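Each reported figure results from applying straightforward, stated rules to the coordinates on display, with no laboratory input. From a predicted model like this one, the values you see are computed outputs, not experimental measurements. Because the Cβ atoms are built from the backbone with ideal geometry, glycine has one as well, and the counts that use them run over all protein chains shown.
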Amino acid sequence: MPKETHVTTNIIDISSGNLEDFRDHVSNARDLGRFLENKIVKRTGARTTDVLEYILAGAYHLEASDVHIEAQEEEIYLRLRLDGILEEISRFPREIHKTLISRIKLVSKLKLNVTDRSQDGRFTIHTSEVDVEVRVSILPGPYGESVVMRILHPKAIALTFEDLGMQPQVFRLMERELRRPNGMIITTGPTGSGKTTTLYAFLKKAREEPGMKIITIEDPIEYHLSGISQTQVNKDAGYTFENGLSAIVRQDPDIILVGEIRNRETAEIAMHASLTGHLVFSTLHTNSAAGTIPRLIDLGVTGNIIAPAINVAIAQRLMRVLCQYCKKETAPTADQKKIMEEAVSTLPQDFERPKLDGIKIFEPVGCDHCNRSGYKGRKGVFEAFLIDDDIELLILKNPSEAEVQQTAIKKGMLMMSQDAILKIIAGITTFAEFERVVGIIE
């Protein structure tokens, strides 16, 4: 790597030669740890001011989603989130901590002298390949400030609607709903479950129709999409989800994306927009598709608004995909076979039931292609149900999550757990991922 990288306000410019040199030395997290130890801990060929560039080049090269720099009593921990799993990469001496944090603050336009409260900023990594946005969060702690940098890698939105990983029946349902002129599609799940990626895939699919005006209001804008008008919440300037959404409706849009529904006002404005000729996409923090309805009721939205406004409620998670180079075939245990049989026997009627006689599943091994984890990349697991007349009537009765779920299953909803089992049967993922992501296997 060269000794100098060009830094301007809010931009770290990593040259092509820099990345090429990095690729020669680093192919997995273990290599990155050794590289950083050699360059930084042993101080061979690196200045302290180069540390941030080395970390970012490594994180970008390994396609990490987050970089964690954590201040501890004796050392500084560096961890990367790779395919959803936080992995320790290296530990640095405490003496570089202050310089490293100051460098991050400087490039993120944050206050250098503020160390007793949280700060949020952002900057851009410029490479010969692409510009990459980085969101920065700094938090004070007993041993100094800790930093999390979210790397908004453009590959995340390269995913198309067709590549999301939906089962054919769910895919056809969503494809049909994306062509509707009005109504609301709500995607739910915890933080990090891929909701934003799914919504952006929906937007790109909808953008294929000629003559569509698409406007978003996000907090913040995570990825920039061509052909779409994107706006960002700015509370200091008085531009909130509520008044921003009210303004967007006056811009004659066909499709509106609301980054997140957080309160009754945002929910009601979005739903009224869906009832007046707009197709609206948004997200909500609930654990299941059925939980969408009681969650909105908890926010204070009445059933007579929810029922006609929502077209589809979706819930999702992300499961790691087995590495195609090293995954190993194995026979399922008796308990695993029983779980598969139960899931397959209760599939909705229009789903093909895979044969389980003599079935083989796969388990992770680990190789250079997958960072020794046995997994490479992630796929979504989904559940979704259509708000039809029967469910509309149920919503008017302020139902519980269990009541909504029972009705949706009777109407043919594929459960998220069933989707995960089908992906295990197809050799895409594992029971270990099922348990980690979807829940404990009873």
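Could you tell me which of rounded, prolate or oblate describes the chain, using a ≥ b ≥ c as the square roots of the eigenvalues of the alpha-carbon gyration tensor, with rounded for a/c under 1.5 and, failing that, prolate when a/b is larger than b/c and oblate otherwise?
Working: a/c = 2.10, a/b = 1.32, b/c = 1.60.
Oblate, since a/c reaches 1.5 and b/c is not below a/b.
HN-Hα J couplings of the range 233-245 from phi, Karplus 6.51/-1.76/1.60, θ = phi - 60°, integer Hz, Gly and Pro as x?
4, 9, 5, 4, 8, x, 9, 9, 4, 5, 6, x, 5
By how many degrees, between 0 and 90 and to the nearest 10, does the Cα long axis of helix 416-425 differ from the longest principal axis of the chain?
It is inclined by approximately 70 degrees.
Can you bin the range 48-181 into rounded, prolate or oblate? Criterion: square roots of the alpha carbon gyration tensor eigenvalues sorted a ≥ b ≥ c, rounded for a/c under 1.5, prolate for a/b above b/c, oblate for the rest.
Values: a/c = 2.35, a/b = 2.27, b/c = 1.03.
It comes out prolate by the Cα gyration axes.
Could you give the distance between the Cα centres of the range 186-202 and the range 336-374, to the whole Å?
24 Å
Suppose each label sits 7 Å from its Cα in the direction of the beta carbon; what would the residue 11-residue 338 distance come out to in nanometres?
The modelled label-to-label distance comes out at 6.2 nm.
Could you work out which residue, out of 345, 108, 417, moves most in a Gaussian network model of the chain, that is, has the largest mean-square fluctuation with Cα springs under 10 Å?
Comparing 345, 108, 417 in a Gaussian network model of the chain, the most mobile one is 345.
How far apart, in nm, are the 7 Å Cα→Cβ label points at residue 25 and residue 254?
Modelled inter-label distance: 5.1 nm.
Between residue 330 and residue 131, what is the label-point separation in nm under the 7 Å Cα-to-beta-carbon projection?
Taking the two extended label points, one gets 4.7 nm.
Rounded to the nearest 500, what is the chain's calculated 222 nm mean residue ellipticity when only DSSP H runs of at least 4 contribute -39500 (n - 2.57) each, over all residues? If you can, show how the numbers build up before the last one.
On the way: 14 runs with 139 residues, N = 442.
The helix contribution divided over the chain gives -9000 deg cm²/dmol.
Output the pairs from 111/195; 328/355; 109/235; 109/379 with a Cα-Cα distance over 24 Å in this structure; if there are none, say none. Mind showing how you got there, number by number?
On the way: 111/195 32 Å; 328/355 20 Å; 109/235 18 Å; 109/379 35 Å.
Those over the limit are 111/195; 109/379.
Short version: ³J(HN,Hα) in whole Hz for each residue of the range 179-191, in order, from phi by Karplus 6.51 cos²θ - 1.76 cosθ + 1.60 (θ = phi - 60°), x for Gly and Pro, what are they?
3J(HN,Hα) across the range 179-191, in whole Hz: 8, 5, x, 8, x, 10, 10, 10, 9, 10, x, x, 4.
What FRET efficiency, computed as 1/(1 + (r/R0)^6) with R0 = 51 Å and r the Cβ-Cβ distance, is obtained for residue 156 and residue 396, rounded to the nearest 0.05? Walk me through the numbers on the way to the answer.
Numbers: r = 39 Å, r/R0 = 0.76.
That pair, residue 156 with residue 396, gives E of 0.85.
Taking the beta-carbon count within 10 Å as an exposure proxy, list 186, 297, 421 from fewest neighbours to most. Write out the running numbers ahead of the final one.
Details: 186 30, 297 16, 421 25.
Least crowded to most crowded, the residues run 297, 421, 186.
In straight Cα distance, which lysines are under 26 Å from residue 39, not counting same-chain residues fewer than 8 positions off?
3, 98, 105
Which GluC sites (Glu not before Pro) in the range 175-230 sit in a loop by DSSP (not H, G, I, E or B) and have at most 11 other Cβ atoms within 10 Å of their own Cβ?
Working: sites: 175, 177, 208, 218, 222; in loops: 208, 222.
Loop-located and lightly packed - 208.
Once you sort the root eigenvalues of the Cα gyration tensor of the range 303-388 as a ≥ b ≥ c, which label holds: rounded (a/c under 1.5), prolate (a/b larger than b/c) or oblate (the other case)? Walk me through the numbers on the way to the answer.
Values: a/c = 3.78, a/b = 1.60, b/c = 2.36.
Verdict is oblate for the range 303-388.
Taking H as built 1.01 Å from N, whose amide H comes closer than 5 Å to the amide H of residue 109, not counting residues under 5 places away?
For residue 109, whose amide H was placed from the backbone, the distant partners under 5 Å are 10.
What's the angle, to the nearest 10 degrees (0 to 90), between helix 168-178's Cα axis and the longest principal axis of the chain?
Approximately 90 degrees, to the nearest 10.
Please check the chain for the longest run free of trypsin sites (Lys or Arg not before Pro) that are loop-located per DSSP (anything but H, G, I, E, B) and have at most 14 other Cβ atoms within 10 Å. Please list the in-between numbers first.
Working: sites that count: 3, 42, 43, 47, 109, 111, 117, 179, 213, 250, 355, 360, 397, 411.
Result, exposed sites excluded: 251-354.
Using amide H atoms built 1.01 Å from N in the peptide plane, name the residues 5+ places from residue 87, or on other chains, whose amide H lies under 5 Å from its own.
Answer set, sorted by chain and number: 80, 81, 82.
Residue separation times 0.36 nm, minus the C-alpha to C-alpha distance between residue 86 and residue 111: what's the value?
Working: separation 25, 0.36 × 25 = 9.00 nm, distance 2.81 nm.
That works out to 6.2 nm of additional length.
How would you rank 268, 352, 433, going from fewest to most other Cβ atoms within 10 Å of each one's own Cβ?
Working: 268 21, 352 11, 433 25.
Ascending number of Cβ neighbours within 10 Å: 352, 268, 433.
If you fit an axis through the alpha-carbon atoms of helix 264-275 and take the longest principal axis of the Cα set of the chain, what angle between them do you get, 0 to 90°, nearest 10?
Value to nearest ten degrees: 60.
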